[in-house]
Amino acid sequence: MTSRLLQMQAVILVGFMGAGKSSVGRVLAEHLSWTFEDLDDRIERREKQKVAEIFRDAGEAGFRRAEHEALKELLEGLRSDSEKVIALGGGAFVHESNIRLIDAANLPTVFLDAGVEELWGRCQRQSEKQGMERPLLGSIEGFRELYEKRRPHYLRASVRQETGGKAVEQIAADLMQALDLGRRGRQGEN
Ligand code: S3P
């Protein structure tokens, strides 16, 4: 694992809605002086529509097609001189075609894990405070059902990072350690 991490160009954060993929990803990228990229942002730029609008106009199947194409473009564009922390949307690491792309890129993946009640609470607070629109949020019952269906897929990630009850800074620091990135950063400076 370590030798692979020493050569890597990117790390990919996966997990359910509310897992903190974007907020942790931003802080982690800052600590590493890497670029942060959110796959949903790339989808919105490519499609010239918000995620919620893509769901409304093209349905979930249309969104998944756009997501796959955006992921392919992102991975093909990775360069060794510009390292990235990448946050995927909650459904991206569930689809086999996406997992095949990530496996072929030989990049480490991190599952940001938390209990479903906490994830639900985080999503509710984000939609109240920031007006964040998540087309698949629905009811707590549907949310829990989707979470249980997806969790086994997320567990296929290279690393599982517990996030329950932790602040974003703490999670990023734990991840630096789990991925041995502090060591890598120092080596890169030599
Ligand atoms: C989705 C999660 C969203 C976004 C889209 C679909 C999902 O991203 O990609 O609404 O299927 O769970 P976040 O996980 O960042 O909310």
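The values are calculated or read from the model by the stated rules, or taken from the named source; none is laboratory data. Because the structure is a prediction, the values reported are computed rather than measured. Please note that ligands, DNA and RNA were not included when accessible areas were found on the heavy atoms of the full protein model with its side chains. Shrake-Rupley method; radii C 1.70, N 1.55, O 1.52, S 1.80 Å.
For the range 24-100 and the range 137-151, what is the separation of their C-alpha centers, rounded to whole Å?
After rounding, the separation between the Cα centres reads 21 Å.
At 20 °C and a viscosity of 1.002 mPa s, what translational diffusion coefficient does Stokes-Einstein give for the chain, taking Rh as the Kirkwood radius over Cα pairs? Give it in µm²/s as a whole number.
It comes out at roughly 126 µm²/s.
Mind checking which of ALA105, ALA172, ALA70 has the largest fluctuation in a GNM of the chain, springs on alpha carbons under 10 Å?
ALA105
Going down the list LYS84/LYS166; LYS50/LYS72; LYS48/LYS149; LYS48/LYS166; LYS129/LYS166; LYS21/LYS166, which pairs span over 25 Å between their C-alpha atoms?
Details: LYS84/LYS166 23 Å; LYS50/LYS72 19 Å; LYS48/LYS149 31 Å; LYS48/LYS166 35 Å; LYS129/LYS166 20 Å; LYS21/LYS166 13 Å.
Pairs exceeding 25 Å: LYS48/LYS149; LYS48/LYS166.
Considering the chain as a Gaussian network with a 10 Å cut-off on Cα pairs, which listed residue, GLN130, GLN161, GLN177, attains the greatest mean-square fluctuation?
GLN130
Report, largest value first, the span of the C-alpha coordinates of the range 44-124 along each principal axis, in whole Å.
Projected onto its principal axes, the Cα set of the range 44-124 covers 38, 32, 23 Å.
Roughly speaking, to the nearest percent, how much of the range 16-128's 1.4 Å accessible area is carbon and sulfur?
44 percent
Taking the chain as a Gaussian network, where each spring joins two C-alpha atoms under 10 Å apart, which residue of MET176, MET132, MET17 fluctuates the most?
Highest fluctuation among the options: MET132.
Under a 1.4 Å probe, what is the accessible area of the chain per residue, stated in Å²?
Here the per-residue accessible area is 51 Å².
Under the √(5λ) rule applied to the eigenvalues of the Cα gyration tensor, what semi-axes describe the equivalent ellipsoid of the range 23-84? Give them in Å, descending.
Details: eigenvalues 130, 36, 12 Å².
The equivalent ellipsoid of the range 23-84 has semi-axes of 25, 13, 8 Å.
Which value at 222 nm does the chain reach when only helices count, each DSSP H run of 4 or more adding -39,500 (n - 2.57), with the total divided by all residues and rounded to the nearest 500 deg cm²/dmol?
On the way: 9 runs with 113 residues, N = 190.
Value at 222 nm, helices only: -18500 deg cm²/dmol.
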